[in-house]
Amino acid sequence: MAELVRTASGEGVAEIVIDSPPVNAIGAALRKALYEAVEAADADPAVRVIVLRAAGRTWPAGADIREFGKPLERPILPKLNTRIAGCGKPVIAALHGTVLGGGLELALAATCRVAAKSTRLGFPEVGLGVLPGAGGTQRAPRLIGAEAALAMMLSGKPVTAAEAERIGLVDAAVEGDAGEAALALAADYLVRGDEALPARAPDAGFADSAAYFAAIAAARKEAEASPLPAPARIVDCVEAAMLLPPEAGMAFERAGFEDLVASPEAAGLRHAFFAERLAPRFPEAGLTPRPVDRVGIVGGGLMGSGIAQVMLSAGLAVTLVERNGDQLARALGRIASAHERAVARGRMTEAQRAAEWARVDGATEIAALGDCDLAIEAVFEDEAVKRQVMADMAGVLRPGAILATNTSYLDVDALAEATGRPADVLGLHFFSPAPVMRLVEIVVGRATAPEVVATGLALARRAGKVPVRAGVCDGFIGNRILTAYRSAADFLLEDGATPYQVDRAMRAYGFALGPYQVLDLAGLEISWARRKRLAAGRDPAQRYVAIGDRLCEAGWIGQKSGRGYYLYPDGSRQGAEDPEVLALIAAEREAKGIVAQPVSDDEIRDRCLAAMANEGARLLAEGIAQRPSDIDAAMLFGFGFPRHRGGPMHAADILGPVLMRKRLMDYAALNDAWFWRPAPLWDELIRTGTRFSDLDG
């Protein structure tokens, strides 16, 4: 095994090189090796200055997140950083790549920092529900002040080397190799001594105490609005940096870190982090994808034009096909308007807009797809229409070109049969708005060729999406879970809750919008059409709630019609509670002989979460989803499940399979036995003493 840390000493300089690919993560073995190397260099009388740098593509990009929440092997990172900071000789850190989290804390322990111009530096810990716990909340504000330090820590966003130099986080941002620049600075130190080192005082950030505490007060007010505990604890620690002696400040920070890392919010955020990284691990991931340079899109509505924007952003050429010139003009206009907004907001340059626009072709004949490597149908969710479009695409695409459907619910195998070349067909289910929502379900049909799946995966990753592999069923993964969620919510309406109470309860859990707000936003007619499509095959034992049907029959289909579950007077986007909807719900209850009972917010939350987890267990048993974390990823990145909750399967793991199964049995005993019957997988988890997380691999 290669050395994780190696030292080269000569002519008064000890060059300590970190070499733990791929990202030099600061795990236990690396910490131990680095601690020993620093100790040896500090004790060597021939060494007058230490240069600390990293091999490979980056300086340590952070701590090893897999260690979070587990007993840590010694030395822990705070002790390593304290040892570096306490060296009797200057330590010059040479930074490149991504200097994040624990990696930045390691750099801050050095006497000074030299960064390559391409370096990015940041404190992303808040995104994992914790705070910088190895001196970051103490050393950073001491160096750059509370305002700049809090801006980095509370946003989690990295800064460029130039910005880091401006605020004093690094002492120099250099062209070329930072290691060479650091060695040159070390050589200068050997000649000129301390005069060669940067002159910035190590406590320069404390110079203006009034500004420091003003920044604390402003940040504390913002942190109060967060549902997470980490932001407030970060503010407290940065305040402690000014108020407490350094050693006490470090202890205060460490106590805060240990509290947070054990919190349920941090556990949920860690699960989300790993779910995102597990999702692309398809069985087909190692295969060579087919080349894709031009993508065809049939249908230029909101979804089709959104997919076009995604493909253009990924550097691909696009051919957009609509039925006639007017519709094509509107579709291209949507793309142009999106480009204009991006330029106005500084997210795109004029040159980038021109380059993307140059890669767009529009057409009104499907024959224009002839030179496309992959074509996606994004037309109305009607099986007959989609079958015809898929057949038409197959007639003009060259052999080996891939045919994809963006269907949300329909049978991908049936659509593939219409093409006569099912091996070339897969589902690429984007979510609206496509440029914003990160999820893409890659739906694998029974005849889909493995390299076609690999191509879909490569395309999604090139576009910056989170790809989740799904089998064929009605709704795939995300919409299957969504249907269960909505069904549980609809049962609650009949049982005694109101749509407004359900929405409030789920917003309190962390969703940005409740299920009935989402329905009004999307349009109630979409789910109504699906219910009508499935009506013939509905199990007679299945409880059916017709409240949504009654609203649609009345023409109340959501925001676009001015009312749905909510009222939207004068085109308002903020819905108001509607007494007529409550009267309609009461009439539906009366027709079924249901006497409304009070329902608590906790009961609403528990039922909705249980329904999602139970449906997820069925998806796993059916082989529709590869692993539980894929279900969580789908809900996190496609349906707004609160990230700090980790997803429905993670939430079920917190409760445990025994209690979850009991909860489901209790619901089934009260009513709705067909819907609430526990999936068989719960019994298997109980028998084997495992949880969903054990199935993630």
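The values are calculated or read from the model by the stated rules, or taken from the named source; none is laboratory data. All of these numbers come straight from a predicted model, not from anything done at the bench. FYI the Cβ positions are ideal-geometry reconstructions off the backbone, even for glycines, and counts take in every protein chain you see. Keep in mind that these areas ignore ligands, DNA and RNA; they rest on the heavy atoms of the full protein, side chains included. Shrake-Rupley method; radii C 1.70, N 1.55, O 1.52, S 1.80 Å.
Give the Rg/Rh ratio for region 528-568, taking Rg as the radius of gyration of the Cα atoms and Rh as the Kirkwood radius, to two decimals.
Computed over Cα atoms, the ratio is 1.08.
Taking loop as defined by DSSP and a crowding limit of 10 other beta carbons within 10 Å, which trypsin sites (Lys or Arg not before Pro) in region 491-573 fit?
ARG538, ARG573
Under 5 Å between amide H atoms, partner at least 5 residues away or on a different chain: which partners does ALA172 have, H built in plane at 1.01 Å?
Here the answer is ARG113, ALA115, since their amide H atoms fall under 5 Å of that of ALA172.
Ordered by residue, what ³J(HN,Hα) values in Hz, to whole numbers, does region 372-388 give under the Karplus form 6.51 cos²θ - 1.76 cosθ + 1.60, where θ = phi - 60° and Gly and Pro are x?
Couplings: 7, 8, 8, 10, 10, 8, 9, 8, 4, 6, 9, 4, 5, 5, 5, 4, 5 Hz.
Whole percent per 10 Å bin, from 0 to the bin with the longest distance: what is P(r) over all C-alpha pairs of region 459-529?
For region 459-529, the pair-distance distribution reads 17, 41, 30, 11, 1.
Return the long-range amide H neighbours of VAL51 (sequence gap of 5 or more, or a different chain), with a cut-off of under 5 Å between placed amide H atoms.
Residues meeting the amide H criterion: ALA14, GLU15, ILE16, ILE92.
Out of the total accessible area of the chain (probe 1.4 Å, heavy atoms of protein only), what percent is carbon and sulfur?
54
In Å², and per residue, what accessible area does region 225-375 have when probed at 1.4 Å with the other protein chains present?
46
Rounded to whole Hz and in sequence order, give me ³J(HN,Hα) for region 146-162 from the Karplus expression 6.51 cos²θ - 1.76 cosθ + 1.60, θ = phi - 60°, writing x for Gly and Pro.
Going residue by residue, I get 5, 4, 5, 5, 5, 4, 6, 6, 7, 8, x, 8, x, 10, 6, 4, 5 Hz, with x marking Gly and Pro.
Just going by the charge dipole of region 566-667, with Lys and Arg at +1 and Asp and Glu at -1 on Cβ, which of ALA576, GLY623, MET649 is farthest out on the positive end?
GLY623
Among DSSP beta bridges lying fully in the chain, give the percent that are antiparallel, nearest 5.
The antiparallel proportion sits near 25 percent.
What order do you get for 250-263, 615-628 when each peptide is scored by the mean count of other beta carbon atoms within 10 Å, highest first?
Numbers: 250-263: 19.0, 615-628: 21.8.
Taking the mean over residues of other Cβ atoms within 10 Å, the ranking is 615-628, 250-263.
Using DSSP to call loops (not H, G, I, E or B), can you name the trypsin sites (Lys or Arg not before Pro) in region 653-697 whose Cβ has at most 14 other Cβ atoms within 10 angstrom?
Numbers: sites: ARG661, LYS662, ARG663, ARG687, ARG691; in loops: ARG691.
When the trypsin sites (Lys or Arg not before Pro) of region 653-697 are filtered for loop state and at most 14 Cβ neighbours within 10 Å, nothing remains.
Mind checking the log10 I(q)/I(0) for the chain at q = 0.06, 0.10, 0.11 Å⁻¹? Debye, one equal scatterer per Cα, no solvent, two decimals.
-0.43, -1.09, -1.23
Determine the shape class of region 17-96: with a ≥ b ≥ c the square roots of the Cα gyration tensor eigenvalues, call it rounded for a/c under 1.5, and otherwise prolate if a/b is greater than b/c, oblate otherwise.
Verdict is oblate for region 17-96.
Please list ASP683, ASP293, ASP549 from largest to smallest accessible area, probe radius 1.4 Å, with all protein chains kept in place.
Details: ASP683 75, ASP293 105, ASP549 15 Å².
Largest accessible area first, the list is ASP293, ASP683, ASP549.
Where the centre of each part is set by its Cα atoms, how far does region 260-306 sit from region 502-556, in angstrom?
27
Based on Cα positions only, what radius of gyration and what Dmax would you give for region 256-338, in angstroms?
That works out to 20.3, 62 Å for Rg and Dmax.
Under the rule a/c < 1.5 gives rounded, and otherwise a/b versus b/c splits prolate from oblate, where does region 481-621 land using the Cα gyration tensor?
rounded
Between the DSSP loop rule and a limit of at most 16 other Cβ atoms within 10 Å, which chymotrypsin sites (Phe, Trp or Tyr not before Pro) in region 492-557 are left?
TYR544
Rounded, prolate or oblate, given the Cα gyration tensor of region 146-302, with a/c below 1.5 counting as rounded?
Working: a/c = 2.18, a/b = 1.31, b/c = 1.66.
Since a/c reaches 1.5 but b/c is at least a/b, the shape of region 146-302 is classed as oblate.
What lysines does LYS662 reach when the alpha-carbon gap must be under 20 Å and sequence neighbours fewer than 8 apart in one chain are set aside?
Cα-Cα hits under 20 Å: none found.
Just to verify a number: FRET efficiency for ALA367 and ALA586, C-beta to C-beta distance, R0 = 51 Å, to 0.05?
Calculated transfer efficiency: 0.35.
Calculate the length of the line joining the C-alpha centroid of region 422-501 to that of region 190-255, in whole Å.
Comparing the Cα centres of region 422-501 and region 190-255, I get a distance of 44 Å.
Within the set of other residues whose C-beta is less than 12 Å from the C-beta of LEU513, count the net charge using Lys and Arg as +1 and Asp and Glu as -1.
Here the charged neighbours net out to +1.
Report ³J(HN,Hα) in whole Hz for each residue of region 540-557, in order, from the Karplus equation J = 6.51 cos²θ - 1.76 cosθ + 1.60 where θ = phi - 60°; Gly and Pro get x.
x, 7, 7, 5, 10, 9, 9, 4, x, 4, 5, 5, 5, 4, 7, x, 8, 10
If you count the DSSP beta bridges with both ends in region 1-145, what percent of them are antiparallel, to the nearest 5?
Antiparallel: roughly 25 percent of the beta bridges in region 1-145.
For the pairs LYS386/LYS532; LYS117/LYS157; LYS89/LYS117; LYS32/LYS117, flag any whose C-alpha to C-alpha distance is greater than 21 Å.
LYS89/LYS117; LYS32/LYS117
Mean separation of Cα pairs under 8 Å and 6+ residues apart, divided by the residue count of the chain: what relative contact order is that in percent?
9
Compute the helix-to-body angle for 325-344: its Cα long axis versus the longest principal axis of the chain, expressed 0 to 90° and rounded to tens.
The angle comes out near 20 degrees.
Run the helix sum for the chain: -39,500 (n - 2.57) per DSSP H stretch of 4+ residues, divided by residue count, reported at 222 nm to the nearest 500 deg cm²/dmol. Kindly include the intermediate steps, with their values, before the conclusion.
Details: 29 runs with 344 residues, N = 697.
Helices in the chain give a 222 nm mean residue ellipticity of -15500 deg cm²/dmol.
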